[in-house]
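Undergrad: Sending over a structure as structure tokens; questions will come in a sec.
Only the coordinates and a few stated rules stand behind these numbers; no lab work does. Predicted model, so just to flag it, every value in this text is computed and none were measured. Note: ideal-geometry Cβ built from the backbone for every residue, glycine included; neighbour counts use all protein chains shown.
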Amino acid sequence: MLKSVRFRNFKSLRDFSVGLRQINVLVGPNDSGKSTILDAFRILSVALNVGRRRNPSIAAIGGGTFFGWDIPESQLPISLANVHSDYDPSETWIEFSSETGRRLRLNFHDNARCIMTIPDVLPRSGATSHFRKAFPYTVSSFPTLGPFEEEEGLLSEDYVKRWAGTRRTHRLFRNIWHQQEHLFPAFRSMVEATWPGMSISPPVIQWTYPGFVEG
């Protein structure tokens, strides 16, 4: 189990640590960093999947080298354009620590790259199997609550897949269920059991304004 996460110059969190327990509740005013902490776990979810599928390699950045995993920006659930605190790219990272003492670090560089490294020594041979054994975590992202998009256009499958579960989820509500029609009955049953008297139907494509597909 993860026991802590530490931030260095990541968005609004210049030097901040969070201790983790079995259940954690984030409470605070707007713009205090709650969503930023959740973003860290969204990125971790993608990075873990990369580490389980690919062996690490050497990446040259800014005159230095890193041995780790170059996380494709196209797979990341957040934009890397402004991740550095006060636009200072000198040292920006998020580090996760487990109760077994293992550490995993996500390093962010000024050329919009995210490199995952392991501060502890990890054998280079059979790296994917060692990685899966060292970090046997499953991270699932929970959508951020927000108002529905009143004029939601029909979006591509790749776009919806990338941003579902992120801060943009509430703007993709109809598209998500349009692309996952087979899961909608279970969702409808949950909603109707939670709020007696409420009934919902699958989204119907009726968007006819410019730039979107009519169906």
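Undergrad: Taking 0.36 nm per intervening residue step and subtracting the Cα-Cα distance, what contour gain separates Ala112 from Lys34 on full extension?
TA: Working it through step by step, the gained length comes to 25.8 nm.
Undergrad: Mind listing the long-range amide H neighbours of Lys3? Cut-off is under 5 Å, sequence gap 5 or more, other chains count too, H placed in the peptide plane at 1.01 Å from N.
TA: Distant-sequence amide H within range of Lys3: Ser97, Ser98, Glu99.
Undergrad: So, one more: Taking the Cα centre of segment 2-134 as the origin, how large is its charge dipole in debye, to the nearest 20, when only Lys and Arg (+1) and Asp and Glu (-1) carry charge on their Cβ atoms?
TA: It works out to roughly 680 debye.
Undergrad: Using alpha-carbon positions, what is the distance between the centroids of segment 47-76 and segment 156-196, in Å?
TA: Rounded to whole Å, the Cα centres lie 31 Å apart.
Undergrad: Restrict the search to segment 88-157; then list the GluC sites (Glu not before Pro) that DSSP places in a loop and that have at most 15 other Cβ atoms within 10 Å of their Cβ.
TA: Taking segment 88-157 and a limit of 15 other Cβ atoms within 10 Å, the loop GluC sites (Glu not before Pro) found are Glu91, Glu99, Glu149, Glu150, Glu151.
Undergrad: Neighbouring Cβ atoms within 10 Å as the yardstick, rank His178, His170 fewest first.
TA: Result, fewest neighbours first: His170, His178.
Undergrad: As a footprinting exposure proxy, order Leu76, Leu38 by other Cβ within 10 Å, with the fewest listed first.
TA: Leu38, Leu76
Undergrad: If you don't mind, there's one more thing I want to ask. Of Met190, Pro202, Gly68, whose Cα points farthest to the positive end of the dipole of the chain (charges on the beta-carbon: +1 Lys, Arg; -1 Asp, Glu; origin at the Cα centre)?
TA: Gly68
Undergrad: Distance from the Cα centre of segment 85-110 to that of segment 1-33, in angstrom?
TA: 13 Å
Undergrad: Something else about it: Convert each backbone phi in segment 22-30 into a coupling constant with the Karplus relation 6.51 cos²θ - 1.76 cosθ + 1.60 (shift: θ = phi - 60°), then list the ³J(HN,Hα) values in order as whole Hz, x for Gly and Pro.
TA: 4, 10, 10, 10, 9, 10, x, x, 4
Undergrad: Which values, in whole Å and largest first, are the semi-axes of the equivalent ellipsoid of the chain obtained as the square root of 5 times each eigenvalue of the Cα gyration tensor?
TA: Semi-axis lengths for the chain are 35, 20, 19 Å.
Undergrad: Among Phe67, Phe148, rank each residue by its count of other Cβ atoms within 10 Å, from fewest to most, as a rough exposure measure.
TA: Going from least to most buried by this count: Phe148, Phe67.
Undergrad: If each residue of separation counts as 0.36 nm, what is the full-extension length gain between Glu192 and Ser57 once their alpha-carbon separation is subtracted?
TA: 43.6 nm
Undergrad: Right, something else. Answer with one residue from Ile37, Asn55, Thr117: the one whose Cα lies farthest towards the positive end of the charge dipole of segment 2-134, charges on Cβ with Lys, Arg +1 and Asp, Glu -1.
TA: Asn55
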